[in-house]
1. Looking for whichever is buried (at least 16 other Cβ atoms within 10 Å of the Cβ), more than 30 Å from GLY194 (Cβ to Cβ), of a type in the set (S, T, N, Q) and assigned by TED's automatic domain parsing to the domain that holds VAL111 here; the options are THR26, THR66. Which one fits?
2. Scan the range 90-142 residue by residue and report those that are of a type in the set (Ser, Thr, Tyr) and closer than 27 Å to ILE21 by Cβ.
3. For the range 94-137, what are the residues that are closer than 25 Å to ILE6 by Cβ and touching a residue at least 60 places away in the same chain (Cβ under 8 Å)?
4. Being surrounded by fewer than 22 Cβ atoms within 10 Å (Cβ to Cβ) and out of contact with any strand residue (DSSP E or B) (no Cβ under 9 Å at 6 or more places or on another chain) is the requirement here; does ARG140 meet it?
5. Given the conditions (1) under 14 Å from ARG43 (Cα atoms); (2) surrounded by fewer than 18 Cβ atoms within 10 Å (Cβ to Cβ), and given that HIS125 satisfies all but one, which numbered condition is not satisfied?
6. Looking at THR48, THR66, which one is within 27 Å of SER135 (Cα to Cα), of a type in the set (Val, Ile, Thr) and in contact with an Asp or Glu (Cβ under 8 Å, 6 or more places away or on another chain)?
7. If I go through the range 201-221 residue by residue, how many of them are loosely packed, with under 11 Cβ neighbours inside 10 Å and either part of a helix (DSSP H, G or I) or not hydroxyl-bearing (Ser, Thr, Tyr) (or both)?
8. Can you tell me which residues in the range 156-168 are outside any loop (DSSP other than H, G, I, E, B) and surrounded by 18 or more Cβ atoms within 10 Å (Cβ to Cβ)?
Amino acid sequence: MKKFRIGDMPDPISPALAARIAEVETATVGHIRHWGFMDPEIRALGHTKRVVGTAVTLALPAQDSTLLHHALGMLQPGHVVVIDRLGDKKHACWGGGVTRAASEARISGAVIDGMCTDPNEIADHQFPVWCRGVSPITTRLYGLGGMLNYPVSCGGAVVNPGDIVICDENGVLVLPPEEVEEVVAWAIEKQVRGNVNLQKMRQGEKLGDLSGATQLVLSDS
């Protein structure tokens, strides 16, 4: 049995579609959708960027990052690497050297259900990473195995290669491609309404009146 399972590389998201989706905040979608969000412990590593891209999925066991090093040579602009660490929260598979390779490939970002190292080097490259935290104990090239572009679990969310990933200061959201347009259209409309309400509050209107909360309370009094 082969130790490494390699699936087809998904096409990267187009710049035009990425720009449209990037108008959406994950927290806006969180008003109505309760699935596809990763564990909130997976957070932006020292930045406030918003990143959109096509998921390239990896499953890496414990101390081994062999397949990650291989995959970095296959990535393209518009890809986001999503790494399932298979429960490991001790070994950092992502650090300064990997960040340099990812930056050279001009991919959009990385999401890791586990640890990173070298946060200052990552910041120097201005490369956006979402992870569970920082560890000084790193992976090595042991050739233990792994999966590339197969379904994975990252922060409790199922991620398929080719899914659309939205990452920002509030967290990480995974959307199947066929659901993107509906979700994005709804979210952008809600954000527009929110901006209108902010302007109304500046003019003296109350949030409870605008949201309908006050009417709900008074109707029960």
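The values are calculated or read from the model by the stated rules, or taken from the named source; none is laboratory data. Keep in mind that this is a model prediction, so the values were computed, not measured. We place every Cβ from the backbone using ideal geometry, glycine too, and count neighbours over all the protein chains shown.
1. Working: THR26 fails: more than 30 Å from GLY194 (Cβ to Cβ).
None of the others qualify; the one that does is THR66.
2. Quick first cut of the range 90-142, residues of a type in the set (Ser, Thr, Tyr) only: 99, 103, 108, 117, 135, 138-139, 142.
Matches in the range 90-142: THR99, SER103, SER108.
3. Here is the first cut: in the range 94-137, the ones closer than 25 Å to ILE6 by Cβ are 94-95, 97-116, 127, 129-131.
Hits for the range 94-137 are SER108, GLY109, VAL111, ILE112, ASP113, CYS116, VAL129, TRP130, CYS131.
4. On the way: surrounded by fewer than 22 Cβ atoms within 10 Å (Cβ to Cβ): yes; out of contact with any strand residue (DSSP E or B) (no Cβ under 9 Å at 6 or more places or on another chain): no.
Spelling it out, it is not the case that ARG140 is surrounded by fewer than 22 Cβ atoms within 10 Å (Cβ to Cβ) and out of contact with any strand residue (DSSP E or B) (no Cβ under 9 Å at 6 or more places or on another chain).
5. Tallying (1) under 14 Å from ARG43 (Cα atoms); (2) surrounded by fewer than 18 Cβ atoms within 10 Å (Cβ to Cβ), HIS125 fails exactly one: (1).
6. Details: THR66 fails: in contact with an Asp or Glu (Cβ under 8 Å, 6 or more places away or on another chain).
Step by step, each of THR48, THR66 is checked, and only THR48 is within 27 Å of SER135 (Cα to Cα), of a type in the set (Val, Ile, Thr) and in contact with an Asp or Glu (Cβ under 8 Å, 6 or more places away or on another chain).
7. Step one: filter the range 201-221 for residues loosely packed, with under 11 Cβ neighbours inside 10 Å, giving 202-204, 212, 216-221.
Okay, now just the ones that are also either part of a helix (DSSP H, G or I) or not hydroxyl-bearing (Ser, Thr, Tyr) (or both), so 202-204, 212, 216-220.
The total comes to 9.
8. First, pick out the residues of the range 156-168 that are outside any loop (DSSP other than H, G, I, E, B): 157-159, 164-168.
Within the range 156-168, ALA157, VAL159, ILE164, VAL165, ILE166, CYS167, ASP168 meet the criteria.
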